[in-house]
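Presented below is the structure to which this report refers.
The values are calculated or read from the model by the stated rules, or taken from the named source; none is laboratory data. If you're wondering where the values come from, they're calculated on a predicted model, not measured in any experiment. In this analysis, Cβ positions are derived from the backbone assuming ideal geometry, glycine residues included, and neighbour counts consider all displayed protein chains. The area values use the complete protein model at the heavy-atom level, side chains included, leaving out ligands, DNA and RNA. Shrake-Rupley method; radii C 1.70, N 1.55, O 1.52, S 1.80 Å.
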Amino acid sequence: MNRGDQYIEPDNSFYRPSRDPNETTMMMVVTLTVLFVILTSILAAVYFRKTTSTETLASVGSGQSIYISVASPTPSPIPPMTPNQNPVLYPGLAAVKMDPEAKVENDALPSKRGISEQVFINKKIVDAKTGYNRGKQIYFKDPVDFGSVPGIFTFRGNNFRNCASFGYTSVVAGSLNQKWEYNKLGKRLASTQSFEWQGVRWTGQPLVVEWPDALRHNMNMFEKAKQQAALAEVIIASLDGKIYFLNLINGEPTRQPINVGASIKGTPALDPRGYPLLYVGQTDNNGGNTFGMYIYSLLDGSLLWSYDGSEDGAYRSNWSAFDSSPIVSGDTDTLIWPCENGLIYTFDLNTNYSPGAITVAPVVTHYKYIFADNTTSHMGVESSIACYGNYGYFVDNTRNLCCLDLNTLKMVWTVVLGDDSDITPVIDEQDGVPYVYVGTEVDNQGGTGKYSGAAYIYKINGLTGKVEWQSSEPCYTFNGETSETDQSGGCLGNPIVGKKTISNLVIFSFSMTNDLAAGNKLIAYDKTLGTKVWEYNMNIYSYSSPVDFYDSDGNAYIVICDSIGQVHLVNAQTGERIKYLQTAKNLGTPEKTSSGINIEASPVVYNGIMVVGTTTGSIFGISIE
């Protein structure tokens, strides 16, 4: 049976039952029953004396009806939006209530796959008999309140990983205009000594923050940036080993770059409490004072702390890159960060912050796990962790979608996906239940060389691990003799969970749908049924994540960038293209060129301006009008 056949329902809108000989007797019984119910309801309404009531139509006999007053509770008023809240996510109605009665699906039980788990605190193992239980209990809530100041703080914005845009964008002319370019990014030799890293690559998303004026004046910003009213600062990490700080409006530097000294490919994170802290992960062992992660003060750009995970007894001990974008639980002062060595780290930061000074003194806890059917050398996590309540969701390199209790560091459930996945799970709460959306690459379905396989997508119950629906799309891939020559198709960009006018949709991006290095599809699926609603076809492949944004009426739009530097503007309700723009280096000069531009990194849209980095060393600011 085809998947679509499961959801065909008969049209009963014109169906009427035939007459029954006992209908008159039945009508009398029904009438008396209804009158009794009415009488009881009226007495109850009088007794409880509710201040708010709604009129309800009740049938009495054939062709007759009366209105009765049924008591109903007064709805809780929605609080007004605060300046730190993102209008795209407001009012934020996710309840985020964990259901202790939710039973994990039998096939998703970690014990079924022979899981082995260990917890270490500052490299010392926790006694398995007593177990681990976090002192300050982590509990992530609705992402509308994730940040204490306006901004985009981590990959896909927040703990649900569902929003890389901030503020409303008014789309009147339906145009894209390249507003500015910053092109001072350099190169850095890779650890293999065989090539040079350059520019910004996957995931490479910028961060944006609006610092309070008092804090901004205590930072090492240029005076012009300090004095600008309502400055939105863009922060973007590069493979040349530096972190750049730019003005959202014009692309001008707001302060000197921070020189990490090692290549950075993933997306850093800001502290959502509005603390001047930046968390940065290293992608290659080609410099720096360690091979791991770094915490910087954004008061003066100084390195506060760094950590090397290569001696933590990981199954994959030779590679401790932190490509994942971390996330901070502000209430508990805890940094959560999966690593490519296969360990899940949580850092109790012990932050001490006062005006003009900030310090951290982290205590390191790490979680080590493996299933009986996994290969130790393949363990590792490149996806970022999404968080709901005390649960964290991530995908590892051995095809496991994992749900981890962040307070006990015990695996709750796991689902084996159809192939490898590096994208970040996205959370959407529906009727009080968290659902997780995720997709796979085409990576391990054939031998070496070019072939076509299936990129799988899933909707999974976040409490039980039940697969609600899954689908797939054919994509091409190339498996080289070494990982450096691989070119994977499938889901490389993160999915969109629709909001406002497209709240019924989830939208996936599929790369290399026409051939190797050719073709891309955006496909919108009905969240409930998993059926296709629309698709948008592109001639050029894309690794960049599509971004949804909205106007003040809730109309939805998408921007997606491709591998020749084009930016596509799409109507998210219909899948129709509105406009596309070919970006150019050195625009407005005789040296203008579009040659070689590849946008592999993911953009953000902030108050109508899209910012994205390229593999050729340019960062573009593009206005959406």
Original post:
Residues of the stretch 304-384: accessible area per residue at 1.4 Å, in Å²?
Top reply: 32
Subject >> the stretch 271-344 - Rg and Dmax from Cα coordinates, angstrom >> reply: 12.7, 37
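Give me the percent of accessible area attributable to carbon and sulfur for the chain, probe 1.4 angstrom.
51
Report the charge-dipole magnitude of the chain in Debye, nearest 20, computed about the Cα centre from +1 at each Lys and Arg Cβ and -1 at each Asp and Glu Cβ.
In total the dipole reaches around 800 debye.
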Original post:
In the full protein assembly as shown, how much of Lys459 is accessible to a 1.4 Å probe, in Å² to the nearest 10?
Top reply: 10
Subject >> Spin-label model distance (nm) - Ser76 vs Asp300, 7 Å beyond Cα toward Cβ >> reply: 4.5
**OP:** Give, rounded to the nearest 20 debye, the magnitude of the charge dipole that the stretch 109-259 has about its Cα centre when Lys and Arg contribute +1 at Cβ and Asp and Glu contribute -1 at Cβ.
**Re:** 640
Original post:
What is the Cα centroid distance between the stretch 188-255 and the stretch 487-564, reported in whole angstrom?
Top reply: 27
**OP:** With the Cα gyration tensor of the stretch 109-229 in hand, give its eigenvalues times 5 under a square root as the equivalent ellipsoid semi-axes, listed largest first in whole angstrom.
**Re:** 38, 25, 20
**OP:** Would you compute, for the Cα atoms of the stretch 335-400, the largest minus smallest coordinate along each principal axis and list the three values in descending order, in whole Å?
**Re:** 51, 24, 17
Original post:
Which Cα, out of Val415, Asn514, Val234, lies furthest along the positive dipole direction of the chain (beta carbon charges, K/R +1, D/E -1)?
Top reply: Val234
Subject >> Note, ³J(HN,Hα) from phi for the stretch 576-591, Karplus 6.51, -1.76, 1.60, rounded to Hz, x at Gly and Pro >> reply: 8, 6, 9, 6, 9, 10, 8, 5, 9, 7, 6, 4, x, 10, x, 8
Subject >> Residue-normalised accessible area of the stretch 209-253, given per residue in Å² at a 1.4 Å probe >> reply: 37
Original post:
Which value, in Å³ per residue, describes the convex hull spanned by the Cα atoms of the chain?
Top reply: 205
Original post:
Counting only heavy atoms of protein chains, what accessible area per residue, in Å², does the stretch 489-625 have with a probe of 1.4 Å?
Top reply: 30
Subject >> Cut-off under 5 Å, modelled amide H: who pairs with Trp469 long-range >> reply: Lys459
Original post:
Each residue of the stretch 243-259 in turn: what ³J(HN,Hα) in whole Hz from Karplus with 6.51, -1.76, 1.60 and θ = phi - 60°, glycine and Pro shown as x?
Top reply: 10, 10, 10, 10, 7, 4, 6, 10, x, 6, x, 9, 6, 5, x, 8, 9
Subject >> Helix 23-48 vs. the chain, principal-axis angle (Cα, 0 to 90°, nearest 10) >> reply: 60
Subject >> the chain: calculated mean residue ellipticity at 222 nm from DSSP helix runs of at least 4, using -39500 (n - 2.57) >> reply: -1500 deg cm²/dmol
Original post:
Can you run phi through the Karplus equation (6.51, -1.76, 1.60; θ = phi - 60°) for the stretch 606-614 and list ³J(HN,Hα) in whole Hz, with x for Gly and Pro?
Top reply: 10, 6, x, 10, 8, 10, 8, x, 10
